[in-house]
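First up is the structure itself, then whatever we jot down about it.
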Amino acid sequence: MPIQRRIPKRGFTNNNRISYKVFNIGQVDQLVAKYGLTEFTLESLFLNGLVGRTDLVKILANGEIKAKLAFKVNAASEKAKQAIEAAGGSVEIIK
């Protein structure tokens with residue numbers, strides 16, 4: 001049997017990759033209605049069991065938002081920021 005079939009396959013894993021828990025702004029209205037959120041922060045998400053203590057949260061712009069909320073998250077796309085501010089909310093990026 002050739003050597004390339006005898007040796008296990010190994011791929012590349014990036015050690016510097018940052019993985020986020022992603023929320024679309026279309027999901028935010030549902031979460032506000034279900035959990036009664038007044039602001040979208042890491043602490044409020046953790047208390048409701050949506051993210052872990054050390055998870056990073058990112059907001060993406062898929063969908064529409066109707067709620068006027070203050071967001072305090074680790075990252076947000078530019079379109080999501082524009083949509084949130086157009087709905088009357090604010091976005092604060094936490095490092």
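The values are calculated or read from the model by the stated rules, or taken from the named source; none is laboratory data. Computed from a predicted structure; not experimentally measured. In this analysis, Cβ positions are derived from the backbone assuming ideal geometry, glycine residues included, and neighbour counts consider all displayed protein chains. Heads up: the accessible areas ignore ligands, DNA and RNA and are worked out on the full protein's heavy atoms, side chains in. Shrake-Rupley method; radii C 1.70, N 1.55, O 1.52, S 1.80 Å.
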Among 63, 11, 35, whose Cα sits farthest toward the positive end of the charge dipole of the chain (+1 at Cβ of Lys/Arg, -1 at Cβ of Asp/Glu, about the Cα centre)? 11
Give me the accessible area per residue for the chain, probe 1.4 Å, as a whole number in Å². 73
Magnitude of the Cβ-charge dipole (Lys and Arg +1, Asp and Glu -1) of segment 1-66 about the Cα centre, nearest 20 debye, reported as 760
Residue separation times 0.36 nm, minus the C-alpha to C-alpha distance between residue 85 and residue 27: what's the value? 19.2 nm
Mind scanning 21/68; 9/95; 34/58; 9/81; 68/95 and naming the pairs with a C-alpha gap bigger than 30 Å? 9/95; 9/81
The answer for residue 90, listing residues at least 5 apart or on another chain whose modeled amide H is closer than 5 Å to its amide H, is 69, 70, 71
How big is segment 1-87 on each of its three principal axes, counting only the C-alpha atoms and giving the largest first in Å? 64, 27, 21
How many percent of the accessible area of the chain is carbon or sulfur, using a 1.4 Å probe? 49
